[in-house]
Amino acid sequence: MAAGGVWVFRKDGVMELERSPTAASGRGGKALVYVPANETMRSLQALERRLGPLGWERYYEDLAVVQLHRRDGSVDLISLPRDFARLRSTHMYDVVVKNRGHFKVVDL
């Protein structure tokens, strides 16, 4: 699976993938699916609605990021972009790994 862009360092020292126009056009994209209901997650609200019963709640939020943690006190943390259009496969796989059997990532 080839990356569709170039990794660059932002001024704040964080490395970010600048996507090529082909990769950003939606071709070859991915979607996060809630397996029990076969529901594609299309918004942050929909995703939070499915994560809540699994023990996740908002921990921190700012203008760009929403973080969720487990109510049971575990060290697990999920960071998501507030703008759901900026959700990338790395965010999706983070949700999948921390909620095995409940979510999957599919190709569009």
* For the chain, the spread of Cα positions along each principal axis, largest first, Å -> 39, 33, 21
* Structure fact -> Heavy-atom accessible area per residue of the range 24-108, all protein chains kept, 1.4 Å probe, expressed in Å², is 61 Å²
* To do: Determine the sum of side-chain charges near Leu87: Lys and Arg each +1, Asp and Glu each -1, restricted to other residues whose C-beta is under 11 angstrom from that of Leu87.
  => +3
* If ligands, DNA and RNA are left out, what is the accessible area of Thr90 with a 1.4 Å probe, given in Å² to the nearest 10? -> 100 Å²
* Could you please state how large a percent of the accessible area of the chain is carbon and sulfur, counting protein chains only and using a 1.4 Å probe? => 54 percent
* Per-residue SASA entry for Tyr93, accessible area with 1.4 Å probe, Å² rounded to 10 -> 100 Å²
* Structure fact -> Between the modelled labels at Glu18 and Val105 (7 Å from Cα along Cα→Cβ) the distance in nm is 2.3 nm
* **Net charge of neighbours whose Cβ lies under 12 Å from the Cβ of Val96, counting Lys and Arg as +1 and Asp and Glu as -1** => +3
* Heavy-atom accessible area ranking, 1.4 Å probe, most first, across Phe103, Phe9, Phe84 -> Phe9, Phe84, Phe103
* Heavy-atom accessible area ranking, 1.4 Å probe, most first, across Tyr34, Tyr60 -> Tyr60, Tyr34
* Structure fact -> Lys and Arg at +1, Asp and Glu at -1: neighbours of Lys30 with Cβ under 11 Å from its Cβ sum to +1
* Asked: Is the shape of the range 57-108 best called rounded, prolate or oblate, per the rule: a/c under 1.5 gives rounded, else a/b larger than b/c gives prolate, else oblate, with a ≥ b ≥ c the square roots of the Cα gyration tensor eigenvalues?
  -> oblate
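The values are calculated or read from the model by the stated rules, or taken from the named source; none is laboratory data. In this text the structure is predicted, and so the values were computed from the model without any measurement. Note that each Cβ is placed from the backbone with ideal geometry, even for glycine, and that neighbours are counted across all protein chains shown. All accessible areas refer to the heavy atoms of the entire protein, side chains included, with ligands and DNA or RNA removed. Shrake-Rupley method; radii C 1.70, N 1.55, O 1.52, S 1.80 Å.
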